[in-house]
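To keep things clear, I will list the structure first and then write my remarks on it.
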Amino acid sequence: MLEIKNIHKSFGKNEILKGVDLRIDKGDVVVILGPSGSGKTTLLRCINFLEKADQGHAIFGAADVNLKTASKKQIHDIRQKVAFVFQNYNLFNNKTALENVTEGLIIGRRVPKAEAIEIGKKALDKVGLSEKYHSYPIELSGGQQQRVGIARAVALNPDIILFDEPTSALDPELVGEVLTVMKNIAKEGTTMLVVTHEMSFAKDVANRVVFMDGGVIVEEGSPKEIFTNPKEERTQQFLRRVLPEDYIFYI
Amino acid sequence: MSEGLNYSFLVKTFFTALSGVPTALIITIVALFIALPLGFLLALTRINRIPVLHRFAQVYVSFVRGTPVIVQIFIIYSSVPLVLTSIFKKFHIETNVYDINPIWYAFIVFSLNTTAILIEVFRSAISTVSKGQLEAAYSVGLTNVQAFRRIIIPQTLVVALPNICTATVNLIKATSLGYAMSLQEITLRAKVAANVGYNYVEAYIDIFLVYLILCSLVEYLFKIYEKRLRKYKAANA
Amino acid sequence: MEKYFNAKYIWESFPLLIPYIKVTFLVAGLSVLFGTLLGFILAAMKLGNSKIAQIIANGYTTALRCTPSIVLLFLVYYGIPKIAENFGVNLSDIDKIIFIVITFSLQFAAAMSEVIRSAYQSIDRGQFEAAVSVGLSNAQAYRRIIFPQAFVVALPNFGNSLLELIKEGSLAYTIGLIDVMGKASLIIDGRFNAHALETYLALSIIYWVISIAIEQLFLKLEKVFSKGKQVINPT
């Protein structure tokens, strides 16, 4: 469904993405792992044009878009299909939870207001925030805010949802509620591309794991393959650092 | 009557205007000298809600910030001589009130005005320094005075500096109103020179230039000082 | 002391002065209108990509913030007709209030450009990113998400600038405007400077009341508009 080809991105003199190819099929839940600075977040941000790639193609269904020279219309069309969940939630501070969720529908997609509110409420129910339709972000905990962020993405009924370290900014006890929500929408068949450090999610929910380091994809495969049988040295080093010490690899 | 600008007048009056700068600076320095400590102390009374004083400070600030400087100048200039006259009569002092150099009135007005401004500046600056700083200072055995001098004031200063700079620039600009007290400062000197030949525009261009240079200089100096203080701050972070 | 100061002149001054408050407000109102428009343009110049525009806008702001109001007033009042003279245009019949509004609009624009710029920059970039990610166009993102939040941030500073404008506007009397300050000046001249203090005290009370009213108004406005934000309360 979505295929990224040969994406390059530099910030000043630093080349962050050095030629990344990635393919995502419908229903995939792909987790991207890797050390900080490996380019995972940049990759995500290039896909929905929050950053402009220096080089590369995105093939979306039938459309082939050049990431560097994409027109405003092309960008707009892609953003209709791709939703984004931010590490810092980025909820609209001046709008209630429900308004946050319906904003993209009403204004971005011209959905009639009554219908948008219905969709919005359902999305908020799905993430367990039925009591909080009219609360402002300032009144919500971090976990609740992120759940609204997810509801906001889900309500748009996108082809794929990008998650940029969705739980990294949360207090540990709030991480669980957000991961649960993500697991549920994965079960429903939503296509997800997730950058995260939460290994449990990668192991239990993902159907593919991608390991990135130094701006390239080092290795990818099923969770079982990556976690129990990593082929590359770099992958093994990384896993050794982030997993509990008594984890054994079967070579 | 289309002539161009009288350029020789322009240059000559520039130096006339410049001659008023010392007066403006003296007033500014005296006012700051009084207003900085006084403003800081009164800001503390506001924060600590010291009875009577903090209400007084509140009303005082409200009045000074709520009325135009020119009105404050007129009030002082019309009231202080009256008060002084009756004091002089009572103590049989022979001085004629009207011989007093207007610069003394300027000192009074601008000190009072700047104090009020700085009370507000310090109030918000002090509140950004966390309470924990003071508590930590006490717990390592510093006295109140030491705690303030070594810990609180330096931190307050960094935060307050931009606003103190603005207040200083405003003060220098306000001295232009000294004409109302016949004060021989920048504006009045150049105006008098202009009246001779009706060369108003040239005179005001000169006045404008003098203030521009003066204020830019002050802002520049403050920026340098702020950079120095920040280096200190970052090094300790 | 009785001969010099008589409190009854304070009370007598109020009814004489109050009718002229509307002139003060008229000048202030017009200056705010034009000044804010120009301020937006200047802020856009400062925030844009053109280095030249930034230099011009910043230079303008610095020049105006370093100029005392009466100097600016006289420059405009004498300077503009003189420039017009060189083009053969005679401006001597134009009402002085035009020059006054021009002066204070120019001054207010300098202050506003800074208020707008800093309010805009205080809004986290993530708000904009989230807005375009859910499908809003750039214009929609600015209008619906950025601007309302920036507005709340700007509000207190706008109120302060407004107060400053009204106070600086008092200097218009020096070129003969009869607003509340000008009227006070006339009253005092008419009495050959006797009981000037009483009149000035009345004048100061009028300004004081106006400032307090505006301050309270803006506090209320801040409360109304900041539904989604935390307000810090100074004691």
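The values are calculated or read from the model by the stated rules, or taken from the named source; none is laboratory data. Every value quoted in this text rests on a predicted model; they were computed, and no experiment measured them. Here Cβ is always computed from backbone atoms with ideal geometry, including for glycine, and neighbour counts include all displayed protein chains. The accessibility values were calculated without ligands, DNA or RNA, using every heavy atom of the protein model including side chains. Shrake-Rupley method; radii C 1.70, N 1.55, O 1.52, S 1.80 Å.
Below are the figures for this structure:
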read-out	value
Protein accessible surface hidden between C and A, which excludes ligands and nucleic acids, total in Å², probe 1.4 Å	2000 Å²
If the convex hull is drawn through the Cα atoms of segment B:67-164, its volume per residue in Å³	149 Å³
Cut-off under 5 Å, modelled amide H: who pairs with A:V85 long-range	A:L162, A:F163, A:D164
Longest site-free stretch - chain A; sites: trypsin sites (Lys or Arg not before Pro), DSSP loop, at most 15 other Cβ within 10 Å	A:111-230
Sites C:F14 and B:D99 - FRET efficiency at Förster radius 35 Å, r taken between beta-carbons, to 0.05	0.50
Segment B:V52-B:V11, length gained on full extension (0.36 nm per residue, minus Cα span)	9.3 nm
Area hidden from solvent between C and B (accessible, protein heavy atoms only, 1.4 Å, total, Å²)	3500 Å²
Paramagnetic reach from A:R109 in segment A:130-155 [backbone N under 16 Å; point 7 Å along Cα→Cβ]	A:149-155
The protein assembly as shown - accessible surface per residue (Å², probe 1.4 Å)	49 Å²
Sequence of A:H197, B:H54 when ordered by accessible area, the most exposed leading, probe 1.4 angstrom	A:H197, B:H54
MRE, 222 nm, helices only [DSSP H, n ≥ 4, -39500 (n - 2.57), over chain B, to nearest 500]	-26500 deg cm²/dmol
Exposure of A:I150 as accessible area (Å², to 10), given a probe of 1.4 Å and all protein chains	0 Å²
Members of segment B:68-106 that become less accessible by 50 Å² or more once partner protein chains are added (1.4 angstrom probe, chain alone as reference)	B:P68, B:V71, B:F74, B:I75, B:L82
Inter-chain Cβ neighbour average for residues C:74-85, partner chain, 10 Å	4
Gain on full stretching of the segment that runs from A:E225 to A:K73 - 0.36 nm per residue minus C-alpha separation	50.7 nm
Accessible heavy-atom area order of A:I119, B:I93, highest first, probe of 1.4 Å	B:I93, A:I119
Carbon and sulfur %, accessible surface of segment B:13-89 computed with the full protein complex present, 1.4 Å	81 percent
Using θ = phi - 60° and Karplus 6.51 cos²θ - 1.76 cosθ + 1.60, couplings along segment B:185-193 (whole Hz; Gly, Pro as x)	10, 3, 5, 5, 4, 5, 4, 4, 4
For segment B:68-75, Karplus couplings with θ = phi - 60° (6.51, -1.76, 1.60), whole Hz, Gly/Pro x	x, 4, 4, 5, 4, 4, 4, 5
Relative contact order (%) - segment C:8-232, alpha-carbon pairs under 8 angstrom, separation at least six	31 percent
At least 20 Å² accessible surface lost relative to isolated chain, residues of segment A:132-168 (1.4 Å probe)	A:Y136, A:I138, A:R152, A:L156
Sparse-neighbourhood loop sites, chymotrypsin sites (Phe, Trp or Tyr not before Pro) in segment C:27-101 - DSSP loop, at most 11 other Cβ within 10 angstrom	C:F87
DSSP beta bridge pairing in the protein assembly as shown, given as percent antiparallel to the nearest 5	60 percent
Protein accessible area in segment C:8-232, 1.4 Å probe - carbon and sulfur %	67 percent
Environment charge of B:L177, counting only residues whose C-beta is closer than 15 Å and scoring Lys/Arg +1, Asp/Glu -1	+1
Kirkwood Rh in Å, taken over chain B so that all alpha-carbon pairs contribute	20.4 Å
Extended-chain gain in nm, criterion 0.36 nm per residue less alpha-carbon gap, C:N193 and C:I21	59.7 nm
Solvent accessible area, Å² - B:V201, 1.4 Å probe, full protein context	20 Å²
Computed helical MRE - 222 nm, chain C, DSSP H runs ≥ 4 contributing -39500 (n - 2.57), nearest 500	-24500 deg cm²/dmol
Phi-based couplings in Hz for segment C:166-175 (Karplus 6.51, -1.76, 1.60; Gly and Pro marked x)	5, 6, 5, x, 4, 6, 5, 5, 5, 9
A:V29 long-range amide H proximity, modeled H, under 5 Å	A:M192, A:N207, A:R208
Shielded by partner chains, segment C:182-223 residues - at least 50 Å² of accessible area, 1.4 Å probe, vs chain alone	C:L197, C:Y200, C:S204, C:W208
Exposed GluC sites (Glu not before Pro) absent - longest run of chain B, DSSP non-H/G/I/E/B, at most 12 other C-beta within 10 Å	B:95-237
Low-density loop cleavage sites - GluC sites (Glu not before Pro) in segment A:155-251, where at most 15 other Cβ are within 10 Å (DSSP)	A:E188, A:E232, A:E245
In segment C:119-212, the trypsin sites (Lys or Arg not before Pro) that fall in loop regions by DSSP, at most 16 other Cβ within 10 Å	C:R191
Those Cys residues of the protein assembly as shown for which no other cysteine Cβ falls under 4.7 Å	A:C46, B:C165
Long-range amide H partners of A:V218 with built H, under 5 Å	A:F211, A:M212, A:D213
